[in-house]
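These notes concern the structure reproduced below.
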Amino acid sequence: MTGVEGKNVLLTGASSGIGRALALRLGASGARVAIAARREEMLEALAAEISAAGGIRPRVLPTDLSRRGAAAELGRVALRSLEGIDVLINNAGGSVTGLEWEVADRDEGRRVFEINLWTPLALVGELVPAMRAQDGGTIVNVTSLLQVSPFPRLGHTAASKSALALATETLRLESRRGGITVIEAALGVVDTAASAANRDLPGGAEWIRRSRPGTAEGAAEAIIRAIERREPRVIYPRPLKLVYALPWLGRRFARRMSKIADRASDTSPAPSQGGNGATT
């Protein structure tokens with residue numbers, strides 16, 4: 001039996017990108033999965049694809065995680081639907097692009113924090129007591145290497161993912177005696193629709209090119225491997241382990257990229273909102 005075979009898994013942000021790749025891998029590995037995202041039609045198509053490939057058809061749980069209270073409700077529904085959760089993968093993510101003083105505390109910025117920080121914490125709040133009662137479980141929080149290498153006009157995204165990274169570290173310390181494995185999946189640029197949208201930022205195309213993006217499938221494989229091995233942290237793409245270990249390298253890269261961003265645009269585009277798929 002693999003680390004996820006026969007396990008009950010709740011996966012957020014499952015409709016596209018890394019989430020979709022994770023759902024396919026989990027289904028192929030014999031997990032019983034509840035998949036959550038906003039777009040029900042995409043979730044249904046994904047569930048059908050997993051079933052057709054011989055996996056257990058996932059439970060489809062459409063939800064808008066930018067709405068306060070939606071995550072806690074999702075946790076309760078998933079617990080009833082699967083009769084317990086062994087693995088929680090907090091993969092859903094949102095982004096907003098804009099200068100810090102433009103986004104400030106606007107609704108767009110607050111929605112990013114709702115998806116990237118409060119949603120994972122709400123699900124932890126719903127599921128950790130149940131995991132402790134069943135003598136164990138696994139929580140995976142997908143964060144971002146923006147925590148060590150931010151980029152202009154992605155400040156709110158970087159801040160929310162950085163907050164989740166620290167919350168994940170704290171949860172790991174608090175869970176030592178509860179039988180719960182806590183994993184941070186710290187991702188660099190991954191070739192998904194979410195990261196492709198960042199090419200439109202001033203200097204964004206050059207930033208992504210120099211970052212040498214990974215693939216959604218590669219990220220999913222790395223996360224599944226970390227679950228199987230109970231690793232506390234996975235960094236993908238793997239060459240970025242050095243940047244995580246030596247944050248000054250990431251910040252130096254960020255400074256260089258910010259100069260390119262400054263040269264790329266003399267005007268500031270209006271803030272724009274991303275969806276709740278996985279972002280990096």
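Does segment 125-135 include one or more residues that are under 14 Å from ALA159 (Cα atoms) and either out of contact with any Ser or Thr (no Cβ under 6 Å at 6 or more places or on another chain) or in a helix (DSSP H, G or I) (or both)? Scanning segment 125-135, I find no residue that is under 14 Å from ALA159 (Cα atoms) and either out of contact with any Ser or Thr (no Cβ under 6 Å at 6 or more places or on another chain) or in a helix (DSSP H, G or I) (or both), so the answer is no. Taking segment 172-193 as the range and being modelled with pLDDT of 90 or more and in a helix (DSSP H, G or I) as the test, the residues that pass are ARG172, LEU173, GLU174. Kindly check whether there is at least one residue in segment 100-120 that is among the acidic types (Asp, Glu) and on the phi > 0 side of the Ramachandran plot. For segment 100-120, residues among the acidic types (Asp, Glu) and on the phi > 0 side of the Ramachandran plot: absent. Residues in segment 35-47 that are of a type outside the set (Asp, Glu) and under 15 Å from ASP64 (Cα atoms) were compared, and the one that is most open to solvent (accessible area, probe 1.4 Å) is ARG38.
Considering the conditions (1) under 21 Å from GLY250 (Cα atoms); (2) assigned to a helix (DSSP H, G or I); (3) at pLDDT 95 or above, ALA196 is excluded by exactly one of them, (3).
Considering only residues in segment 112-146 that are surrounded by fewer than 24 Cβ atoms within 10 Å (Cβ to Cβ) and among the polar types (S, T, N, Q), the one that is farthest from VAL9 (Cα to Cα) turns out to be GLN134.
The set of residues in segment 50-85 that are touching a residue at least 60 places away in the same chain (Cβ under 8 Å), more than 18 Å from SER15 (Cβ to Cβ) and open to solvent by less than 40 Å² (accessible area, probe 1.4 Å) comprises GLY75, LEU82, GLY84, ILE85. Among residues of segment 200-228 that are free of Cβ contacts under 8 Å to residues at least 12 places away in the same chain and open to solvent by less than 80 Å² (accessible area, probe 1.4 Å), those with a beta-carbon under 8 Å from a residue that is outside any helix (DSSP H, G or I) and not aromatic (Phe, Trp, Tyr) at least six positions away or on a different chain give the pairs ARG225/GLU231; ARG225/VAL234.
The values are calculated or read from the model by the stated rules, or taken from the named source; none is laboratory data. Note that the structure is a prediction, hence the values are computed from the model and not measured. Note that we place each Cβ from the backbone using ideal geometry, even for glycine, and neighbour counts take in every protein chain shown. Ligands, DNA and RNA are stripped out before the accessible areas are found, and what is left, the full protein with its side chains, is counted by its heavy atoms. Shrake-Rupley method; radii C 1.70, N 1.55, O 1.52, S 1.80 Å.
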